[in-house]
Amino acid sequence: MDRYDRAFGVYGICIQDGEILVIRKNRGPYIHRFDLPGGQLEHGETLVDAMQREFLEETGFEVNITKQAGTADFQYPCLWKEFTHVHHIAVFYHVVIKGGELIHMPSQFEGQDAAEALWIPMEKLDKNNASPLALKAIEAHSLSVWPHQPEVYDSWKLKKTFEE
């Protein structure tokens, strides 16, 4: 029987001069891939508060949300903890930097899954090195419209290393 891990989170899209601000994941289903800054809500936290907190923790930047970009859900087989599949539901926001400095190596604490924050040219991200969230943000940017169809992957590979 399939057992789905349902994850819900908020994610920020920050694009400047053809580069997107991403984090390199150090755990979770997107381990050793580039992902968008963001994550799960803490108890009692609003979507906006969670977005701003997660972005600051993972990148060092305080941000203003300019608009909600859209929502998406991704499903894929993934042996993760006691689960056989992941169902990731995400709310995306366009953000602009209002302060702070890029912290390449975010502080590590329980729950922190960002190993590094960096700017990367969008064309360098693909299904082999990026999360579905980062790929959705780039797709929407190129289309100038938010693609709303769910993404169901027939296979998903947990990477053992970033270089893999």
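What residue, of Val63, Val96, is at pLDDT 95 or above and either part of a helix (DSSP H, G or I) or open to solvent by 60 Å² or more (accessible area, probe 1.4 Å) (or both)?
After applying the criteria, what remains is Val96.
All but one of (1) free of Cβ contacts under 8 Å to residues at least 60 places away in the same chain; (2) of a type in the set (A, V, I, L, M, F, W, C); (3) out of contact with any Leu (no Cβ under 6 Å at 6 or more places or on another chain) hold for Ala50, so report the exception by its number.
The one condition Ala50 does not meet is (3).
Pick out the one residue from Gln52, Gln40 that is closer than 23 Å to Ala140 by Cα and modelled with pLDDT of 95 or more.
The conditions single out Gln52.
Could you grab me the full set of residues in the range 18-33 that are under 10 Å from Ala115 (Cα atoms) and touching a helix residue (DSSP H, G or I) at 6+ places or on another chain (Cβ under 7 Å)?
Across the range 18-33, the qualifying residue is only Ile23.
Of the numbered conditions (1) over 14 Å from Trp119 (Cβ atoms); (2) surrounded by 23 or more Cβ atoms within 10 Å (Cβ to Cβ), Leu41 satisfies every one except a single condition; which is it?
(2)
Being touching a strand residue (DSSP E or B) at 6+ places or on another chain (Cβ under 7 Å) and among the β-branched types (Val, Ile, Thr) is the filter here, so list the residues in the range 1-59 that pass it.
Val10, Ile13, Ile20, Val22, Ile23, Ile31, Val48, Thr59
Got a sec? Which of Ala117, Ala69 is part of a strand (DSSP E or B), open to solvent by less than 50 Å² (accessible area, probe 1.4 Å) and in contact with a helix residue (DSSP H, G or I) (Cβ under 6 Å, 6 or more places away or on another chain)?
Ala117
Just to be sure I understand, how many residues within the range 1-38 are open to solvent by 40 Å² or more (accessible area, probe 1.4 Å) and closer than 13 Å to Ala90 by Cβ?
Residues flagged as open to solvent by 40 Å² or more (accessible area, probe 1.4 Å) and closer than 13 Å to Ala90 by Cβ within the range 1-38 amount to 2.
Checking the condition within 17 Å of the chain's Cα centre (by Cα), at pLDDT 90 or above and under 16 Å from Val152 (Cβ atoms), which residue from Thr71, Thr84 passes?
Every option except Thr71 fails the conditions.
Taking the conditions exactly as written (at pLDDT below 90, more than 18 Å from Gly38 (Cβ to Cβ) and open to solvent by 90 Å² or more (accessible area, probe 1.4 Å)), does Glu123 satisfy them or not?
No.
The values are calculated or read from the model by the stated rules, or taken from the named source; none is laboratory data. Fair warning: this is a prediction, and the values are worked out from it, not measured in the lab. Ideal geometry is used to build each Cβ from the backbone, glycine not excepted, and the neighbour counts take in all protein chains shown. For the accessible areas, the whole protein counts, side chains as well, though only heavy atoms, and no ligand, DNA or RNA atoms are used. Shrake-Rupley method; radii C 1.70, N 1.55, O 1.52, S 1.80 Å.
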